[in-house]
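This report refers to the structure that appears directly beneath it.
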Amino acid sequence: MDSTSVPPPENWVDEYGDYLYRYALARLRSPGPAEDAVQETFLAALSAVDGYEGRSAFRTWLTSILRNKIIDQMRRNQREAPLAVGSTPEESLDDLFLPNGHARTEPGHWRRTDPRTEAEWGEFRERLQRCLETLPKRTADTFVLREMEGMDSKAICKALGLSSSNYWVVLHRARLGLRACLEEDVVHGFEA
Amino acid sequence: MLRCKDAAVALTKSLDGETSRVERWGLRFHLLICRSCSRVKRQLTAMRQLARTLDEHTDADAEIPTSGDGLSDDARQRMRDMLRQREK
């Protein structure tokens, strides 16, 4: 194997630490777990580096390890705050609808303007992070794995221990919750 | 006819292309008559587009997926030390 394709481990933290940390932080929303995920990634990479065949960039390889460590952190979220057996608010949509089946809150009109500049994207990123933090952890995790990691429903159910029917309810709660939060917070507004 | 609450799960499934045919048609009819749910659908679609595009907006200099602070100096040092230990 070409030894120049694998950077020496003593350089890993400086070369890849920030990238991996920001990736993890965007998904885990919390500095502690994000740091843990990155540290575990470097440890795992150290053990597995002989298996790195250079088919993808080294950073890509590290990121694929990180993605699994992120899921491990999310699983820990659940162990620390297990949901009660049976229907809980997070597993049903009942509280969001009136007895006649209509939504409790009407969506407002979103004015047009997608983020256009990097500054606007930065603002949107912060807004989304803040809104994710208002959701219960497993609800936010479900959204993150679906929309940021692009995992499919089966994979997410397996990762987070959700049944198929719970998954759709939880995902929809995440989407509605974020929608409402973004709407409250909207300065620019997004076309819809 | 579906009420908004009944259409809700179908709505979220439809964003991911996982509706059954029955769900699809039920949802379609509901959206034809319900402006509120139609609006929610448009907003959810816009929101997911933004969430997915987010990663593309990187700091061009540093090639990082999101802006904001990186590792703290403490964390950085801790990880360096740990890797150095393990390498021995």
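Put B:LYS13, A:LYS137 in order of accessible area, largest first, 1.4 Å probe: what do you get? Show your work: numbers first, answer last.
Working: B:LYS13 35, A:LYS137 115 Å².
Heavy-atom accessible area, descending, gives A:LYS137, B:LYS13.
Across the residues of A:13-25, average count of Cβ atoms on other protein chains within 10 Å?
Mean number of neighbouring Cβ atoms from other chains: 6.
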Inset, instruction - For chain A, list log₁₀ I(q)/I(0) at each q in 0.16 Å⁻¹, using the Debye formula over Cα point scatterers of equal strength and ignoring solvent, two decimals each. - result: -1.09
Inset, instruction - Give the carbon-plus-sulfur fraction of the accessible surface of the stretch A:3-42 in %, rounded to a whole number; probe 1.4 Å, heavy atoms of protein chains only. - result: 46
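Residues of chain A: accessible area per residue at 1.4 Å, in Å²?
On a per-residue basis, 49 Å².
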Legend entry - Accessible surface ranking that places the most exposed of A:ASP114, B:ASP16 first, with a 1.4 angstrom probe: A:ASP114, B:ASP16
Inset, instruction - With a Förster radius of 25 Å, plug the Cβ-Cβ distance of A:ARG55 and A:ALA155 into 1/(1 + (r/R0)^6) and report the FRET value to the nearest 0.05. - result: 0.65
Legend entry - Nitroxide proxy distance, nm - points 7 Å out along Cα→Cβ at B:ARG42 and A:ARG116: 2.0
Inset, instruction - Return one number: the angle in degrees, 0 to 90 and rounded to the nearest 10, between the long axis of the Cα atoms of helix A:31-48 and the longest principal axis of the Cα atoms of chain A. - result: 40
Inset, instruction - Taking the Cβ of A:TRP61 as the centre, find all other residues whose Cβ is under 14 Å away and add up their charges (Lys, Arg: +1; Asp, Glu: -1). - result: +1
Legend entry - Isolated Cys residues of chain A, judged by Cβ distance under 4.7 Å to other cysteines: A:CYS157
Legend entry - Modelled FRET efficiency - R0 41 Å, B:SER20 with A:SER5, Cβ distances, 0.05 increments: 0.30
Legend entry - Accessible area that becomes buried as A packs against B, both chains, 1.4 Å probe, Å², nearest 100: 5000
Inset, instruction - Provide a list, ordered by number, of residues in the stretch B:69-88 showing at least 20 Å² less accessible area with every protein chain present than when their chain is taken on its own, using a 1.4 Å probe. - result: B:ASP69, B:GLY70, B:LEU71, B:ARG76, B:ARG78, B:MET79, B:ARG80, B:MET82, B:LEU83, B:ARG86, B:GLU87
Inset, instruction - Holding the Cα-Cα limit at 20 Å, pick out from A:LYS154/B:LYS13; B:LYS13/B:LYS41; A:LYS69/B:LYS13; A:LYS69/A:LYS137; A:LYS154/B:LYS41; A:LYS69/A:LYS158 the pairs that are longer than that. - result: A:LYS69/B:LYS13; A:LYS154/B:LYS41
Legend entry - Farthest positive-ward along the protein assembly as shown dipole, Cα basis, beta-carbon charges - from B:LEU11, A:SER47, A:LEU25: B:LEU11
Inset, instruction - Compare the peptides B:40-49, A:48-57 by average per-residue count of other Cβ atoms within 10 angstrom and give them in order, highest first. - result: B:40-49, A:48-57
Inset, instruction - Sort A:HIS109, B:HIS30 by accessible area with a 1.4 Å probe, largest first. - result: A:HIS109, B:HIS30
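The values are calculated or read from the model by the stated rules, or taken from the named source; none is laboratory data. Keep in mind that this is a model prediction, so the values were computed, not measured. Because the Cβ atoms are built from the backbone with ideal geometry, glycine has one as well, and the counts that use them run over all protein chains shown. Side chains included, ligands, DNA and RNA excluded: accessible areas come from the protein's heavy atoms. Shrake-Rupley method; radii C 1.70, N 1.55, O 1.52, S 1.80 Å.
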